[in-house]
1. Residue-wise, which Karplus ³J(HN,Hα) couplings in Hz belong to region B:414-422, taking 6.51 cos²θ - 1.76 cosθ + 1.60, θ = phi - 60°, and x for glycine or proline?
2. Sort B:154-161, A:122-129, A:81-88 by packing, meaning the average of other beta carbons within 10 Å per residue, with the highest value first.
3. Tell me the angle of helix A:334-350 to the major Cα principal axis of chain A, expressed in degrees between 0 and 90 and rounded to the nearest ten.
4. Can you tell me the 0 to 90 degree angle between the C-alpha axis of helix A:403-413 and the longest principal axis of chain A, rounded to 10?
5. If you take each beta carbon of peptide A:542-552 and count the beta carbons of other chains within 10 angstrom, what is the mean?
6. Once you put a point 7 Å from the Cα of residue A:533 and another 7 Å from the Cα of residue B:209, both along the Cβ direction, what distance in nm separates them?
7. If you take each beta carbon of peptide B:219-230 and count the beta carbons of other chains within 10 angstrom, what is the mean?
8. Please give the Cα centre distance for region A:452-507 versus region B:501-561, rounded to the nearest Å.
Amino acid sequence: MIRSQALGLTAVLSLCLTTAAQDPSGVTIPPGDSDGGFPGLANRAPKVEIPWNRLVDTAELYARMDRLAEAYPGFLGYEVIGHSVEGRELRVYTLTAPGELEGDAKPAMWIDGNIHGNEVQGGEAVVYTAWYLLENYGHNARVTDLVDRAAFYLLPSLNPDGRDSWFHEAHTASSSRSGVQPVDSDRDGAFDEDGPNDLDGDGSIVQMRKHVPGEGTHRLDEDDPRIMVPMPRDSREKGDWILLGSEGIDDDGDGRFNEDGRGGYDMNRSWPSYWMPEHIQFGAGPYPLYWPETRSVARFVMEHPNVAAFQTFHNSGGMILRGPGTESFGEYPRADLAVFDALGQDGEKLLPFYNYMIIWKDLYSVYGGEATWAYESLGIISFTNELWTGDRMNPDGRLTGRGEDRHWSDDHLLMGAGFVDWHPFDHPFYGEIELGGFRKDVGRVPPSFLIEEMLHRNALFNIRHAEAMPRVEFLEHKTTELPGGLVALDVTVSNRSTIPTRTAQAAAKGIGVPDRLTIALAGRDAQVLAAGYPGDRWHPERIALIDGDPTSIALERGVPGEGDVTLRWILSGGSEATIRWTGEKALDVETTIEL
Amino acid sequence: MMMLIALPALLASLGSVSATVASPTPPEPAPLQLPLLDQDELSAALARLGASPNAEPIRIGHSRAGVPIDGLRLFAGDPDAARPAILLVANLDGSRVFTTSLALDLARRLLEDEAAGRTLLERADVFVVPRLDPDAAAARFLLPLHERLGDGLDRDTDRDGVAGEDGPTDIDGDGMVTMMRVPDPDGAWIADPFDARANVEADTTRGERGMWKLMVEGFDQDGDDRVAEDWTGDGAVNRNFPAGFVEHDGEAGLFPGDEPGARALMEFVLAHPRLVAVMTLDGQDTLVDAPEKTDDPSSGGGRFFGPRTAPDGKVLASDAAVLADFGRTLKDLAKQHELELSGGAAHLGGSFQRWAYEHRGILTLDCSLWTMPTKAPKVEQPEAEAEEPEPVEEGPEAATADHDETEEGPDTWREASDDVGRLAWVDATGEDHRFIDWTPFDHPTLGPVEIGGWAPYAHLEPPVDVHQKLADVHYGLLCSLANSLPSPAIVSLTAEHLGKDLWRVEARLENDAVMPLPTRAASRARTATPARANLVLPDGAHLIAGELRTLVRRLDRDNPSELSWLVHTKQLDGLALELVNDITGRTARYAEVKEESR
């Protein structure tokens, strides 16, 4: 007889699970429930209505999370893990079902967004994930099961200073990527003294162009004079216009424009794995985890060895990125690649127009990236999603998303709201010029009507990843009588999820604590004499003996994803054996076997 | 005044041995009059030195155990004057405790020396951090004596889920953790035929067979059949810096800057951009042996996609030439003080020295202090006797690892190992407290073993006379820096009248010091802010050609800078050039009319 259970796990709600289905990827999917379906249908409105067609600043992100926490007491709480350079709170929200086990005792998924200040929609993707899980808890069987047995650590914005600067100050789509600690980017002894300037005070940083008849590098498009057409390089013909770069003046009088704006570093180059100094990797800072935001996150994650899945959100381009960040790292271990591939390929199905890519190979080299650190240093399967691709504006390909077509989309889908028409301005250095161009919320973030779809698909990618976190259980055991009254007890511990309890990287580098299988015998004169791994079903005597205490076996390589580990104990006497598996990244399980 | 602590007194003052096995009375260690300062004594010494009007206390941070990491700023004259700075750091490796007193001695001399010391302090701030790793250093003052490189983050070395549960133990109760010879036919070790106290590896290809395993003195405390395989405090501060950091290595720590001492020192360096040189008292060497060097980079590369080859610990050629200058000075001083210096490796992976140079572009002046000689000192004969070459009876003092061909030695293909030579030196110099004779001991689980070998710190801590010479030599080197500091200057600013109030203005900027402004490594690392040459125009003047502000990216002995402008002005009064840099501050010069244009 076997009695086994996940230790300490008591679901708040008990759902009736019927026959499980097998999806094409091989993952077992319990059937969904029928209790109201997805919130949004008329028969079940969400408890917390959030306008998912808006992007908001840090305070509003936190306010949304707080509203969720209030609506779902016991499920969501936060701790302040540190403060940004400007003193904003870095809040990590823990989402899990209340019960005997705290979140820290369950396998957990870390999700953050917005490490680059301008890449704002990652923040909403984090909040949406929380909202979706909570609104479906108790209604959807899989969500309920996941929230019961797992925890989510959610940091909506890793760079709240950069985020708020992007929202509340004049920027382009790409500026405010950095944090706001002053940097002497132009090495002239002054810090942040020559950033872009909102010359006309319209709240946007756009482009500057000047009319220089017969001396320019560009001409105006004949059909749409908003478009600047570069003159062919091999042509002697000159255009009538030149582009002068982003809106601004030479604040420090060094002859250059906008070369030393706020900040000037890259927090996604600051993480310890394969970190390189500034002259190898721009933005890395003087040492790894130099900025308080990065250090706070690293501390939190390292102090939570239960984190078994890791996701960061950036923009843009439509990518599901995995490491390595550099070719020199070499390739990841084969066993872990199978996990990355399974999840990444599912991600491509969940996220139309997104491609599953390797950072160094398919994008560019990145030293000291956050997601690569999570895997390479901590052994956690990790992805970075680059949210939003312009292809989503024109999904059937009739428009290209570039040049004339881009303006057409803006004119007809946004009624021109995304573009600042060229208008004259008297520049203190260049004289009469024109200012104009796309606003900051065009190009790297979706238009309002497409935000929710982006958030939902990415949240469900998170959930796919979270469901893949290891789940350990005992399979049927076997006892064999041996000469001399001895007994061989074979116990198999199984992991039916995609992610192993210990990644190959963790095992190879000695990261974290090995899993452990222990046995306790009840009965007079009971003794555990030896332990080993059986390897040949036809020759049960062929076992790889394990050195040391046979009652407590360290499993450095853990239990593989969708696989199992069988151990044989040689016992003398005993009426009952209690076997316990413990590990950092799955719920502990215990079983009692009558001998 | 620094205290000299006799080791026996020190040992006696620290209570009983925490041995778990009864033992015979520990042998009386020989006097080791090396100045060693525990944390309280260090604090007291810093307080005494800090009372000088030319000193002020600094605190760079705290260790992992919360011990303050304190030091001094030494200066003379205006404390707020812009001048270069030098950082002196000791006891980076937790086991080199003796370097703390060396650093303090240098500080004391600088404060008391009205000549060379005063000159240096007038020209440069000297920051002294005498003990970077107080946690590991504390082990030097505890019994049993157990040498510690670091005492940082525990690592689960034996991967059993528990960190630091099976450390070494002073099982024979002699007050020291040494080694055990454990008889084992599978062992790799045998006695050196030249001196049975020394161990050498058996060469099975020559028919030798090992007789024992060598293990650190201890038990199997966690029951895994292994002895002393999982110590506490694996992380070492001076392996925890980012340059050349070795990830997933116990000594290196979890990530660069994880050790509070390492991070504190990096923050200190970042907060002091005037630092031009770091002198460390440690086991590394950039001065005695020329460090490996590599070509200067040809260009800096682009802002976002610069050169993608990681620095490899080598010194750039231009900087190597500067280090060679200091190396010559050091060797001259050593010769003068009859100190034998030994070379060593430079810029070890994860060390402060490598980070300071490679990532911040600060020259690091290091020499490996002392290594135990591998031969006994030669006995000098009086001149008169030398004239009469009578046979001299060989005594133990003359024993060397390089055995005289005429001396009768064991019949073996081997040459004496270095340890045989070291033991000869120990025997000849009376430093026999450095070696504990192998003594039989009945180990509770391993059976009969022998316990002995090199005493903790025996290889690191120099004899007292060498300690004194090290102080002399390093003080000389430190003072010599006064004449080597970067000294950018506007050596000329001339104006030539071209007619119609148009002037051609020319400037020549030089730095004729040994130290460049900045180092090549600083240029490469982009940590140096270029000097700024700012042209100041008189009222009503117009700049016709040239830049009002020029960034001067390099000034050194071989690279002066020449600038020129065209200025339209009716009067030259007030036309000036100022040169501003982060190291020496500001200097300025008014234009002079070129003679031929008057």
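1. Going residue by residue, I get 6, 9, 4, 6, 4, 5, 4, x, 4 Hz, with x marking Gly and Pro.
2. For the peptides B:154-161, A:122-129, A:81-88, the packing ranking is A:122-129, B:154-161, A:81-88.
3. Once rounded, the angle reads 50 degrees.
4. Around 80 degrees separate the two axes.
5. The shielding value for this peptide is 2.
6. Taking the two extended label points, one gets 3.4 nm.
7. If you average over the peptide's residues, the count of other-chain Cβ atoms is 1.
8. Centre-to-centre (Cα) distance: 66 Å.
Values quoted throughout were computed directly from the atomic coordinates according to the rules given, and no laboratory measurement underlies them. All figures in this text were calculated on a predicted structure; none of them were measured in a lab. Counting neighbours? That spans all protein chains shown, and the Cβs are built from the backbone with ideal geometry, glycine included.
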